[in-house]
Amino acid sequence: MNGAAKGAVIGGVFLAMVGATGYGVYALVGDGGEGGEATTSALSAGSGPVKEKEAEAAAKAFLAAWAAGDERVAADLTNNPTAAQSAVGEFRSRAYVSKAVITPGPANGTTVPFKVEAEITYEGTTKPLAYDSTLTVVRGLTSGKPLVDWQPSVIHPQLQKDEKLRAGAPSSPPVRAVDRNGEELTAEKYPSLRPVLDQLRQTYGAKAGGKAGAELWIEPAAEGAPRRSLLTLVAGEPSTVRTYLDAGVQAAAEQAVTKYPESSVVAVMPSTGHVLAVANHRRDGFNAAMAGNRAPGSTMKIVTGAMLLDRGLVAADKQAECTKEVSWGGRTFHNLKNFEDPGATFATAFARSCNTAFIKPVKHVNDDAALSDEAREVFGIGLDWKTGVNSTDGKVPVATGAEEAAGYIGQGRITMNPLNVASITATARTGVFRQPLLVSPELDGRKIATAERRMKPSVQQQLVSMMRLTAKSGTAREAMAPVGGDKGAKTGSAEVGGAGDSPDSWFTGFSDDLAAAAVVEGGGHGGDAAGPIVATVLNAR
């Protein structure tokens, strides 16, 4: 029997078919059986890079063993037998796959695509499940044989490290999430809301009175993380969870982030703290908009500016020292392209994002905790926000020397995400910190964070005037040009990784009673990528 026709032997019956492409179709039925010819001995040892024919043969052997339900043989055809044996075995026993047809495609070098057409059967209910995946073949370090490079995504493309495929009756009943106006929010219509909707289900499904059905899901690796539903087997009875999201703003945010890879945005209403939109466009599906933690770059100058204004060390209309460079703590800091502005006021230094004008006053602060205190006491950063879904608080740790100076311009150990930065802008807009909320605290009685003090009126007025100037004639001018209303903004770029990496693009702004912030990882300067995202969201309301 040639390699193109090899398949699984189940109960003594050969179940492989030869397709038009010459590649086998392997079927898993019932309780499984032996792997037949799909054994490690069928693959000869070698050296050097894996050849395409070797990859093709190894993939066929593995898929045949998997289809046969022979987890031991399948595992030995991988470079991680322990993990592979467990996953292949649980494909039937824990994901309740009663039938699967696995069709390999032509190899592309060492990568082999394949299609799985399965049936999930649980307590008398059977539903179809079809998906495409890929595997890669590598040379065994000790055996020299071509082996499948084991990754959870071989079993299902959405599986990540230490995640499991499971079926049954979930502990959390389904929920019907609606926006502030009662419009239903679904992952099909708003794809980047999927992690938020999963979290709403986990947190409020049982509390809101729904009834669980049966489904196939991905069990997360992290304790407390939400399950990700893949297939409904038996529909449950959902309860309705009302959010503060706005379907119109959410739709604009979804559209805006698709233009830039690895981008995230959040929109907040300054007068209430209500979160109106959360959107991400990322390969990993991570909700970086609410749970990311990256240096915010010059968007942090909103907080630094407030602290310096609060202490009377600067004033919007007073001259600032915008030199080409400044040294502090043994490190030299520069402005973009080493620009200088000898006649700058603090307002124009803010609008042009002059780093040196924000670092020069460090020598007069005489308080290592000044920036950290301002962030926490006025802007609520680090107060354990409970938004209604998982979110990560911003961090502004106490620092000294060069690290303190770096913190003044949003570098060093400071980390934020678009939710944090949007809230900072919302606080600057009104002078009062209102903790961001995605669902009402009345739903579960959770405690909401409150800031220790409100911003001084004179500080708030100067801060907003500087943000307006930035939007009108500063670094945010081009991005904010199409935005109407009373508007203000701040750009930022944050250096990450090595010197050759593109900086993260940050941008935050407000228009009337809407504030938004975005980040595009590796997107360059703030106005280039993140700016257009924020402008689109601000124009949506």
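Observations, loosely collected:
- Helix 52-68 and the longest principal axis of the Cα set of the chain meet at an angle near 80°.
- C-alpha long axis of helix 301-310 to longest principal axis of the chain, angle in °: 30 degrees
- On Cα atoms only, tilt of 81-93 relative to the major axis of the chain in degrees: 80 degrees
- Applying D = kT/(6 pi eta Rh) to the range 323-384, where Rh is the Kirkwood radius over alpha-carbon pairs, T corresponds to 20 °C and eta to 1.002 mPa s, the Stokes-Einstein value obtained is 163 µm²/s.
- Translational diffusion coefficient of the range 248-538 (Stokes-Einstein, Kirkwood radius from Cα pairs, 10 °C, 1.306 mPa s): 87 µm²/s.
- For the peptides 127-135, 260-268, 140-148, the ranking by mean Cβ contacts within 10 Å, running from highest to lowest, is 260-268, 140-148, 127-135.
- For residue 164, a cut-off of 22 angstrom between C-alpha atoms picks up these lysines, skipping any fewer than 8 places away in its own chain: 99, 115, 127.
- 5 Å binning of all Cα-Cα separations within the range 270-325, expressed as whole percents from 0 upward: 4, 12, 13, 17, 18, 10, 10, 11, 4, 1
- Each 10 Å bin from zero holds the following percent of Cα-Cα pairs in the chain: 4, 17, 22, 18, 16, 13, 7, 2, 0.
- The charge dipole of the range 175-243, taken about its Cα centre with unit charges on the Cβ of Lys, Arg, Asp and Glu (plus for the first two, minus for the last two), comes to roughly 140 debye.
- Footprinting exposure proxy ranking of 184, 215, 223, fewest other C-beta atoms within 10 angstrom first, gives 223, 184, 215.
- Highest to lowest packing among 55-68, 189-202, 430-443, scored as the average C-beta count within 10 Å: 55-68, 189-202, 430-443
- Spatially close Lys pairs in the range 248-538, defined by Cα atoms under 13 Å apart and a spacing of eight or more places or different chains, total 6.
- 10 Å binning of all Cα-Cα separations within the range 434-479, expressed as whole percents from 0 upward: 21, 26, 27, 22, 4
- Spatial separation of Cα centroids for the range 402-455 and the range 463-537, in angstrom: 17 Å
The numbers here are math on the coordinates, done by the rules we state, and not lab data. Model, not experiment: these values are computed from the prediction. Methodologically, a virtual Cβ is constructed for each residue, glycine included, from the backbone with ideal geometry; neighbour enumeration extends over all protein chains shown.
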